Amino acid sequence: MFNIVLVEPRIAGNVGTIGRMCYNLGFKLHLVGPHFLDFSSKKIMHAGLDYWDKLEPIFWDNTKDFLANNDIAKMKFASTKSKNPYFNANFSEGDFIVFGSESFGLPQPEIKEILSNENTFLIPMKSYGRSLNLAQSVAFLSSEALRQNFKNFSI
C-alpha cells in the first residue's frame, strides 16, 4: 500500500518497531545505506518480534541508487525543517514516505536537491522540542496515509 523509507537509520529498536508496523499494515520497508546496523541483531529482532523474518525489507546501498530506481514524484519527505504540516499531505497508494536518520535527518545532497514545500512535511511540535523518536514519526505519517486511503485497505 505504502513504502516506508529509512535513510541511514542508526537505532536498532526503531528499525525493529517500524518493521513490525510495516508488516502489520502491509507496507513495504526500504532501508537506504550506508548501513550502520546489523539487521540480524537481537535488538531489531526483539522490537520486530517474529514479524522481521516475514517482512522482506528492501536494502539500498545509498540514496543515489534508491532515487534512481524509484519514482521521485511519489515521494513525501519528513523533515523538522519543513513548514508544511503532514496532515496537509495528499497520500496516494504506492507513495514513498521518506525519513532521515535519527541523528542527522536528511543531509544527503541527492535528497536535499529534490526537497520542496510540496513534498516535505513536518510533525507540528512545540518550539522547545527538537524532534520526535523515528518510530513515532513514522507512525504519525503512516497513520495519516492509511486514514486517507482506508477504503482501499483490506483487513
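Filtering the range 125-155 to residues that are open to solvent by 70 Å² or more (accessible area, probe 1.4 Å) and over 15 Å from the mean Cα position of the chain (by Cα) leaves M125, K126, S127, Y128, R130, R147, F150, K151, N152, S154, I155. Of all residues in the range 29-65, those satisfying the criterion of being touching a Pro at 6+ places or on another chain (Cβ under 8 Å) and open to solvent by 30 Å² or more (accessible area, probe 1.4 Å) are F36, L37, F39, D61, N62. Picking from residues in the range 80-124 that are part of a loop (DSSP other than H, G, I, E, B) and of a type in the set (G, A, S), the one that is surrounded by the fewest Cβ atoms within 10 Å (Cβ to Cβ) is S116.
T80 meets all of the listed conditions (1) modelled with pLDDT of 95 or more; (2) in contact with a Lys or Arg (Cβ under 9 Å, 6 or more places away or on another chain); (3) β-branched (V, I, T) but one, namely (1).
Conditions tested, residue by residue: (1) more than 22 Å from E113 (Cα to Cα); (2) in contact (Cβ under 8 Å) with a residue 24 or more places away in the chain; (3) more than 14 Å from the chain's Cα centre (by Cα).
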{"residue": "M21", "(1), (2), (3)": "yes, yes, no"}
{"residue": "L29", "(1), (2), (3)": "yes, yes, no"}
{"residue": "G33", "(1), (2), (3)": "no, yes, no"}
{"residue": "S41", "(1), (2), (3)": "yes, yes, yes"}
{"residue": "M45", "(1), (2), (3)": "yes, yes, yes"}
{"residue": "N62", "(1), (2), (3)": "no, yes, yes"}
{"residue": "I72", "(1), (2), (3)": "no, yes, yes"}
{"residue": "A78", "(1), (2), (3)": "no, yes, no"}
{"residue": "N84", "(1), (2), (3)": "no, yes, yes"}
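The values are calculated or read from the model by the stated rules, or taken from the named source; none is laboratory data. Since this is a predicted model, take the numbers as computed values, not measurements. Cβ atoms come from the backbone with ideal geometry, glycine included; neighbour counts cover every protein chain shown. Note: areas computed on protein heavy atoms with side chains; ligands, DNA, RNA excluded. Shrake-Rupley method; radii C 1.70, N 1.55, O 1.52, S 1.80 Å.
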